[in-house]
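Asks: Please read through the structure below; I'll follow up with questions.
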Amino acid sequence: DIQMTQSPSTLSASVGDRVTITCRASQSISSWLAWYQQKPGKAPKLLIYKASSLESGVPSRFSGSGSGTEFTLTISSLQPDDFATYYCQQYTTWTFGQGTKVEIK
Amino acid sequence: QVQLVQSGAEVKKPGASVKVSCKASGYTFTGYYMHWVRQAPGQGLEWMGRINPNSGGTNYAQKFQGRVTMTRDTSISTAYMELSRLRSDDTAVYYCARDLTLVVVAAGYWGQGTLVTVSS
């Protein structure tokens, strides 16, 4: 099975900060990687697919990069609505990372 | 617009079974795989398996093999996930989710979730 490892587990940041979350796959997944945002009590929301493609309606401050085994999600200027938990997912066989909680500093 | 509407919360005793439904609308139900993902309280997302609504073919995560059964009723555009021999650590929110497109098989659409509580 392909394992996905995210870092950090928790991130404290302020509004306006540039935030980067890393996701590593245990073997190459090409660009078959997605990022999701989840808020308490809600279903996850797709932000990025194919490592760097922005889902329709998602603000352009979100961006993704990487291929193979190393991937990053970047929020260029953190907004109040962005405080949430973020998950990466490889969708060759659907495995999720353990999540990164972005909290207010 | 695509909508996935799940059945309501359930409380079950250890050893029992639970069956959660996911009614799809706004698209051709048989055209896209339906996945099931669960999330235990305060924990991450865990993929359980998927069903091809057209053929009924299924793929289950190894962890759930022998305990999970995914089915569908194409006449009412509804997918089902049944989990048997419930344990307390099966307490979780269970989501159905559909691939974004035929090519992008990430979860573009989600149900609202169904809380299953296993308690004696």
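The values are calculated or read from the model by the stated rules, or taken from the named source; none is laboratory data. The structure presented is a predicted model; accordingly, all values stated were derived computationally and were not measured. Counting neighbours? That spans all protein chains shown, and the Cβs are built from the backbone with ideal geometry, glycine included. Side chains included, ligands, DNA and RNA excluded: accessible areas come from the protein's heavy atoms. Shrake-Rupley method; radii C 1.70, N 1.55, O 1.52, S 1.80 Å.
Asks: For the stretch B:100-120, name all the residues that are small (Gly, Ala, Ser), open to solvent by 10 Å² or more (accessible area, probe 1.4 Å) and within 13 Å of chain A (Cβ to nearest Cβ). Can you show your working first?
Replies: Restricting attention to the stretch B:100-120, the residues satisfying the condition of being small (Gly, Ala, Ser) are B:106-108, B:111, B:113, B:119-120.
Of the ones still in play, those that are also open to solvent by 10 Å² or more (accessible area, probe 1.4 Å) are B:108, B:113, B:119-120.
Correct list: B:GLY108, B:GLY113.
Asks: Turning to a different aspect of this structure: Against the definition (part of a strand (DSSP E or B), within 27 Å of B:SER120 (Cβ to Cβ) and within 14 Å of another protein chain (Cβ to nearest Cβ)), how does B:MET81 come out, yes or no? Even if it seems obvious, please write down each step before you answer.
Replies: Working: part of a strand (DSSP E or B): yes; within 27 Å of B:SER120 (Cβ to Cβ): yes; within 14 Å of another protein chain (Cβ to nearest Cβ): no.
Against the criterion (part of a strand (DSSP E or B), within 27 Å of B:SER120 (Cβ to Cβ) and within 14 Å of another protein chain (Cβ to nearest Cβ)), B:MET81 does not qualify.
Asks: Looking only at the stretch B:84-99, count how many residues are assigned to a loop (DSSP other than H, G, I, E, B) and crowded, with 20+ Cβ neighbours inside 10 Å. Before you say what the answer is, go through the steps one by one.
Replies: From the stretch B:84-99, those assigned to a loop (DSSP other than H, G, I, E, B) are B:84-87, B:91; that's our starting set.
Next, from what is left, pick out any that are crowded, with 20+ Cβ neighbours inside 10 Å: B:86.
The total comes to 1.
Asks: Would you confirm, using the coordinates I've provided, whether A:LYS101 is assigned to a loop (DSSP other than H, G, I, E, B), out of contact with any Pro (no Cβ under 8 Å at 6 or more places or on another chain) and either under 23 Å from B:ARG50 (Cβ atoms) or open to solvent by 70 Å² or more (accessible area, probe 1.4 Å) (or both)?
Replies: Considered against the rule, which asks whether it is assigned to a loop (DSSP other than H, G, I, E, B), out of contact with any Pro (no Cβ under 8 Å at 6 or more places or on another chain) and either under 23 Å from B:ARG50 (Cβ atoms) or open to solvent by 70 Å² or more (accessible area, probe 1.4 Å) (or both), A:LYS101 comes out as no.
Asks: Which of the residues that make up the stretch A:6-36 are under 19 Å from A:PRO59 (Cα atoms) and either away from every other protein chain (no Cβ under 13 Å) or touching a Gly at 6+ places or on another chain (Cβ under 9 Å) (or both)?
Replies: A:ALA13, A:SER14, A:VAL15, A:GLY16, A:ASP17, A:ARG18, A:VAL19, A:THR20, A:ILE21, A:LEU33, A:ALA34, A:TRP35
Asks: Condition (residue is acidic (Asp, Glu) and open to solvent by less than 40 Å² (accessible area, probe 1.4 Å)) applied to the stretch B:67-77: is it met by at least one residue?
Replies: Checked against the condition, which is being acidic (Asp, Glu) and open to solvent by less than 40 Å² (accessible area, probe 1.4 Å), the stretch B:67-77 yields no hits at all.
Asks: For the stretch A:1-29, how many residues are touching a residue at least 60 places away in the same chain (Cβ under 8 Å) and assigned to a loop (DSSP other than H, G, I, E, B)?
Replies: Total meeting the criteria: 11.
Asks: Turning to a different aspect of this structure: Return a yes/no flag: does the stretch A:19-35 have any residue that is closer than 23 Å to B:GLN112 by Cα and over 14 Å from the mean Cα position of the chain (by Cα).
Replies: For the stretch A:19-35, residues closer than 23 Å to B:GLN112 by Cα and over 14 Å from the mean Cα position of the chain (by Cα): absent.
Asks: Of all the strands (runs of 3 or more DSSP E) wholly in the stretch B:9-63, which have at least 2 residues that are under 17 Å from B:ALA79 (Cα atoms)? I'd like the intermediate steps shown before the answer.
Replies: Working: elements: B:10-12, B:18-25, B:34-39, B:46-51, B:58-60.
Fully inside the stretch B:9-63 and qualifying: B:18-25, B:34-39, B:46-51, B:58-60.
Asks: Next question, about the same structure. Inspect all residues belonging to the stretch A:72-83 and state whether any of them is within 18 Å of A:THR20 (Cβ to Cβ), assigned to a strand (DSSP E or B), open to solvent by less than 40 Å² (accessible area, probe 1.4 Å) and within 13 Å of another protein chain (Cβ to nearest Cβ).
Replies: no
Asks: Regarding B:VAL37, is this residue more than 29 Å from A:LYS50 (Cα to Cα) and either modelled with pLDDT of 95 or more or crowded, with 18+ Cβ neighbours inside 10 Å (or both)? Give the derivation first.
Replies: On the way: more than 29 Å from A:LYS50 (Cα to Cα): no; either modelled with pLDDT of 95 or more or crowded, with 18+ Cβ neighbours inside 10 Å (or both): yes.
The answer is no for B:VAL37.
Asks: Please go through the stretch A:48-71 and give me each residue that is more than 14 Å from chain B (Cβ to nearest Cβ) and open to solvent by 40 Å² or more (accessible area, probe 1.4 Å), ordered by number. Full working, then the answer.
Replies: Our first condition is that a residue be more than 14 Å from chain B (Cβ to nearest Cβ); within the stretch A:48-71, this holds for A:59-63, A:65-70.
A:PRO59, A:SER60, A:ARG61, A:SER63, A:SER65, A:SER67, A:THR69, A:GLU70 - these are the residues of the stretch A:48-71 that are more than 14 Å from chain B (Cβ to nearest Cβ) and open to solvent by 40 Å² or more (accessible area, probe 1.4 Å).
Asks: A:LYS105 versus (1) in contact with a Ser or Thr (Cβ under 9 Å, 6 or more places away or on another chain); (2) under 29 Å from B:ALA92 (Cα atoms): which is the lone unmet condition?
Replies: A:LYS105 satisfies all of (1) in contact with a Ser or Thr (Cβ under 9 Å, 6 or more places away or on another chain); (2) under 29 Å from B:ALA92 (Cα atoms) except (2).
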